[in-house]
Amino acid sequence: MKSLNAVRMSGREVFPLIEGGKGVSATNGASSGAWAVAGGIGTVSGVNADSYDANGNVVRQVFTGKSRQERHEELVTFGINGGIAQIKRAHDIAGDKGAIHLNVLWEMGGAERILEGILDGTKGLVQGVTCGAGMPYRVSQIAQKYNIFYYPIVSSARAFRALWLRSFKNVPEWLGGVVYEDPWRAGGHNGLSNVEDPLTPEDPYPRVMALRKQMNEYGLTETPIIMAGGVWCLSEWQDWIDNAELGPIAFQFGTRPLLTQESPIPQSWKDRLFTVKEGDVALNKFSPTGFYSSAVRNDFLQKLYDRSVRQIAYATAATDTLTESFKTGPVGNPVFVSAADLEKAKGWLEAGFTKPLRTPDSTLVFETPEAARMIQTDQANCMGCLSQCLFSNWSQGETGTTGRMADPRSFCIQKSLQNVSHEGDMDNFLMFAGTSCYRFGQDPFYANHFIPTVKQLVDRILTGG
Ligand SMILES: Cc1cc2nc3c(=O)[nH]c(=O)nc-3n(C[C@H](O)[C@H](O)[C@H](O)COP(=O)(O)O)c2cc1C
Ligand code: SF4
């Protein structure tokens with residue numbers, strides 16, 4: 001194993017090992033502070049971070065606003081307070097050791113306000129900001145304003161090129177590194193483009209080389225690329241280390257640090273990680289962001305797959321193929337479906353899926369009355385956690401709506417991730433994970449359900465294991 005030397009990143013001497021930021025509350029002050037103490041870069045998630053009351057208890061985010069806009073404002077306030085609390089905690093733990101980054105999703109509701117609000121309240125405590133999910137053009141200017149480094153997360157050289165040409169080229173001095181997130185292997189939301197096949201993972205090496213070539217063209221020969229997605233142990237990445245062609249390289253871990261003592265996820269989530277088998281993690285397209293995401297295929301996801309299977313095309317007037325009249329409810333005009341689909345619909349109705357729900361793609365999906373009620377309740381409770389939401393049609397623009405029909409094939413990711421991280425219901429909510437997740441059950445390091453401290457994990461990674 002080649003030894004991994006400390007490098008200068010975000011103005012600090014650190015090991016090129018980064019804790020990938022994970023919302024909602026899957027990385028926080030405790031985990032990132034520990035990661036920084038161990039000599040790497042810890043990342044506080046600024047996505048709905050938890051804040052604490054006077055007794056040190058987590059403040060549960062209860063929304064009282066009557067309108068979505070009012071609740072969105074509450075969410076922004078919670079987000080800022082939580083981010084500040086977690087950064088302060090990370091700093092209390094780490095002091096000047098390692099470095100602390102803040103992660104936000106560009107497509108989260110109020111992203112810029114939350115980012116700036118947290119940075120206003122934590123001056124001097126944050127060394128860098130990482131930002132993905134969308135095209136974070138403005139992150140460079142925000143970083144410059146606060147004198148911190150910025151790390152865009154991209155999944156292709158092309159995405160970086162667009163960001164660079166549009167805005168990053170004006171702020172090269174604060175570009176701390178570029179995170180290449182493998183869109184087939186990394187946990188969480190992924191930047192797979194329309195031309196890439198979700199079922200055909202590509203080798204990261206040529207893609208990262210393409211990114212390096214692009215960066216070299218812009219004079220960024222010394223700017224590190226941070227490899228994220230599918231990185232488990234560095235003995236498998238030996239040819240990437242001290243590779244002159246690749247240039248400076250660092251590694252980001254998202255899935256593996258979920259299982260540490262300091263990891264803030266509930267015990268039931270940690271326990272579940274030991275049971276994941278190869279192939280249990282897959283990309284899906286249900287996220288209300290419209291992005292692909294990588295998660296464990298649990299009951300929750302299975303129900304979404306099943307809902308989408310119980311789907312037929314309809315038209316409001318008969319066509320050559322949609323010939324059969326079908327009533328979607330006790331009132332209103334019938335719609336028209338094909339003869340074959342009418343038979344399918346009858347079968348679903350008989351099986352108890354008696355509520356046909358319209359989708360924006362002129363299809364109907366069939367659900368039980370209970371599930372249909374839950375969909376409507378979740379849509380009504382929306383607090384605008386995304387800039388645009390497919391599930392509820394919320395948009396943070398002036399009108400408060402995307403103008404499109406809400407899509408019942410998606411789900412409320414805010415509710416789901418809050419539940420997973422605070423209630424630990426791992427079957428009925430979304431469990432993000434990278435494809436390497438099955439390795440917890442195979443790697444001897446975790447024998448007898450051993451859960452390392454962050455320091456033990458970082459030491460293990462440093463020795464190649
Ligand atoms: C549970 C979970 C939540 C995540 N949440 C975020 C997030 O909020 N923002 C982000 O930029 N990346 C997020 N990620 C991606 C990680 O930061 C990291 O880049 C990725 O997990 C690396 O790949 P790996 O899962 O193979 O280790 C998340 C990953 C996981 C597993
Ligand atoms: S419905 Fe969409 S925007 Fe609203 S809270 Fe849920 S995920 Fe966020």
Amide H neighbours of L175 at under 5 Å, excluding residues fewer than 5 places away on the same chain, with H built from the backbone geometry, are Y150
Once both label points are put 7 Å beyond Cα along the C-beta direction, the E278-E70 separation in nm becomes 5.4 nm
Karplus ³J(HN,Hα) for the stretch 243-259 (6.51 cos²θ - 1.76 cosθ + 1.60, θ = phi - 60°; Hz, whole; x = Gly/Pro) runs 9, 4, 5, 7, x, x, 9, 10, 10, 10, 10, x, 6, 4, x, 4, 9
Expected unfolding gain across F450-M374 under the 0.36 nm per residue rule, minus the alpha-carbon gap, is 23.5 nm
Residue-normalised 222 nm signal for the chain, counting each DSSP H run of n ≥ 4 as -39,500 (n - 2.57), nearest 500 deg cm²/dmol, is -9000 deg cm²/dmol
Note, the stretch 100-114: 3J(HN,Hα) by Karplus (6.51, -1.76, 1.60, θ = phi - 60°), whole Hz, Gly/Pro = x, goes 10, 10, 10, 10, 10, 9, 4, 8, 7, x, x, 3, 5, 5, 5
Placing each pseudo-label 7 Å from Cα in the direction of the beta carbon, M1 and T463 end up separated by a distance in nanometres of 0.7 nm
The chain: spread of alpha-carbon positions along the three principal axes, whole Å, largest first, is 69, 50, 46
Zone reached by a paramagnetic label modelled 7 Å from R138 Cα along Cα→Cβ, restricted to the stretch 99-122 with backbone N below 19 Å, covers 102-122
Here the gain from full extension of T323 to S268, 0.36 nm per residue of separation minus their alpha-carbon distance, amounts to 14.8 nm
Long-range amide H partners of E262, meaning residues 5 or more apart or on another chain whose placed amide H is closer than 5 Å, are V454
In Å³ per residue, the alpha-carbon convex hull of the stretch 299-422 encloses 120 Å³
Counting only DSSP beta bridges fully inside the chain, the antiparallel percentage to nearest 5 is 45 percent
With a 32 Å threshold on alpha-carbon distance, the violating pairs from K66/K277; K123/K213; K88/K285; K285/K344; K169/K415 are K66/K277; K123/K213; K88/K285; K169/K415
Taking R0 as 35 Å and r as the Cβ-Cβ distance between Q261 and R297, the FRET efficiency 1/(1 + (r/R0)^6), rounded to the nearest 0.05, comes to 0.80
Length gained if E236 through E217 is fully extended, taking 0.36 nm per residue and subtracting the Cα-Cα distance, is 4.0 nm
Rounded to the nearest 10, the angle in degrees between the Cα long axis of helix 299-309 and the longest principal axis of the Cα atoms of the chain comes to 50 degrees
Residue by residue through the stretch 317-333, the couplings from Karplus 6.51 cos²θ - 1.76 cosθ + 1.60 with θ = phi - 60°, in Hz, x for Gly and Pro, are 10, 4, 10, 4, 9, 8, 9, 9, 6, 9, 8, 8, x, x, 10, x, 6
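Computed from the coordinates by the stated procedures, all read-outs in this text should not be read as laboratory data. The structure displayed is predicted, hence computed values, not measured ones. Note that we place each Cβ from the backbone using ideal geometry, even for glycine, and neighbour counts take in every protein chain shown.
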